[in-house]
Amino acid sequence: MGEGTPAQPGYQHETPEGIWEFVCTEAKKLLGQSFEAAHNQILQQKKEYPFGATIFLTALEELQDVPVLQVPSEGIQFPLVGIVNPPANETLEEHLEKRLQEGYGTLKVKVGFELEKDIKKVKLIQDIVKERAMLRLDANQGYTFDEAYKFTHSIDPYNIQLLEQPFTAGIWEPMQRLAEDSPLPLMLDESIFDKDDVIKTGELNCAKYIKFKLMKSASAVAMAEEMAIASKYGIDVLLGNGVAADIGCYHETLIGYNTNCWTAGEQNGYLKPTVSLFANSLGFENGKLIIPPNYYPELDEEVLQHYSRAQMHIGI
């Protein structure tokens, strides 16, 4: 199984239509090839079509039973991040208490909108949460350097885990300058697509954390290798795609488990749809994604048929 999630503008040029065209074109070329040959062929497309390549590469790696995608017989309980996004019928305090009661030890707060309002919001959340959870702040490329500097120097860092991607992806110089004296640890996400980006982060010493997503690394094996490179530079790693569905969240959890990466993950996208792609759906309990013992995912064919917009059958 493989999944591509082109749902976030600002990550890549790939669209759902473009990925579907890529999948249809490449699938025909793979007929009759060995797993290794097919994997090598798609790997050559990774740089230009990472989201589309993920669909093939992870499926092929799963079929080859690569170590990083193996399921432990005892199952997995993987800590997740709780998203702070109050609905209209909840106050911020009610919403935060609900997230804490659900067992989350790390909460993610979106900033990068209006600087003064962002600062006020984070301070209020800090006052409510106190030491009961760490706060992960995501600026989503929303700040100028001056705004990011003021933000990082206006927030008490006592329960702040990190500030994620304050600047536009691929803009390295402001990250390096900000990292020199930021009271808040910094993390890159949108700027990281391959090992060269990881190495550049380490050499510039511009981030304490890197967040890895399978849809960018395109391959579970490549993602594990990139995470290992980051660790060699002393960079802390975490993972997870909040817009991935069951397949992507399942694969990312296996990668986290098998690389011993236990920082709260963001592979919570499987909790957002009203239905699961799996007949035996992934679980959730006490802030953790649950993969049961001796688990093997089974696709729900009725759900797939109901929500499919296009299908193609290829056979020899």
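Each reported figure results from applying straightforward, stated rules to the coordinates on display, with no laboratory input. This one's a predicted model, so the numbers in the text were calculated from it and none came from an experiment. In this analysis, Cβ positions are derived from the backbone assuming ideal geometry, glycine residues included, and neighbour counts consider all displayed protein chains.
Values computed for the structure shown
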read-out: Entries of LYS108/LYS150; LYS110/LYS232; LYS123/LYS211; LYS29/LYS200; LYS29/LYS216; LYS120/LYS232 with Cα pairs more than 31 Å apart; value: LYS29/LYS200; LYS120/LYS232
read-out: Cα lying deepest toward the dipole's positive end in the chain, options ALA37, PRO174, SER308, charges on Cβ; value: PRO174
read-out: Cβ-based exposure ranking for HIS313, HIS39, HIS13, in which fewest neighbours within 10 Å come first; value: HIS313, HIS13, HIS39
read-out: Residue exposure sequence - ASP189, ASP196, ASP127 - by fewest surrounding Cβ within 10 Å; value: ASP127, ASP196, ASP189
read-out: Relative packing of 23-31, 133-141, 167-175, which averages over residues the other C-beta atoms within 10 Å, highest first; value: 133-141, 167-175, 23-31
read-out: Over the chain, relative contact order from alpha-carbon pairs under 8 Å, at least 6 apart, %; value: 21 percent
read-out: Cβ-placed point charges (K, R +1; D, E -1), dipole of the chain about Cα centre in debye, nearest 20; value: 340 debye
read-out: Hz values of 3J(HN,Hα) by residue in region 166-175 - Karplus curve (6.51, -1.76, 1.60), Gly and Pro given as x; value: x, 10, 3, 4, x, 9, 8, 4, x, 4
read-out: Under the Karplus curve 6.51 cos²θ - 1.76 cosθ + 1.60, θ = phi - 60°, whole-Hz ³J(HN,Hα) for region 191-196, x wherever Gly or Pro sits; value: 7, 10, 10, 8, 5, 5
read-out: Pair LYS28, LYS195: separation of 7 Å Cα→Cβ label points (nm); value: 3.4 nm
read-out: Cα-only radius of gyration and Dmax that characterise region 250-316, units Å; value: 14.5, 47
read-out: Loop-resident sites, region 229-316, for trypsin sites (Lys or Arg not before Pro), counting at most 15 other Cβ within 10 Å (DSSP); value: ARG309
read-out: Å³ per residue enclosed by the Cα convex hull of region 59-164; value: 168 Å³
read-out: Kirkwood Rh, Cα atoms: Rg over Rh of region 75-301; value: 0.97
read-out: In degrees, nearest ten, helix 50-63 long axis to first principal axis of the chain (Cα); value: 60 degrees
read-out: Degrees between helix 92-101 axis and first principal axis of the chain (Cα, 0 to 90, nearest 10); value: 60 degrees
read-out: Length released on extending from SER154 to LEU271, taking residue separation times 0.36 nm less the Cα-Cα span; value: 38.8 nm
read-out: Residues ILE314, ILE229 arranged by fewest to most Cβ contacts within 10 Å; value: ILE314, ILE229
read-out: Amide H partners (placed H, <5 Å) of ILE83, local residues excluded; value: LYS108
read-out: Placed amide H near LEU299: partners under 5 Å, 5+ positions off or other chain; value: ALA279
read-out: Selected from HIS251, TYR149, SER276, residue furthest toward positive end of dipole (the chain; charges at beta carbon); value: TYR149
read-out: Helix-only mean residue ellipticity at 222 nm for the chain, each DSSP H run of n ≥ 4 adding -39500 (n - 2.57), per residue, nearest 500; value: -12000 deg cm²/dmol
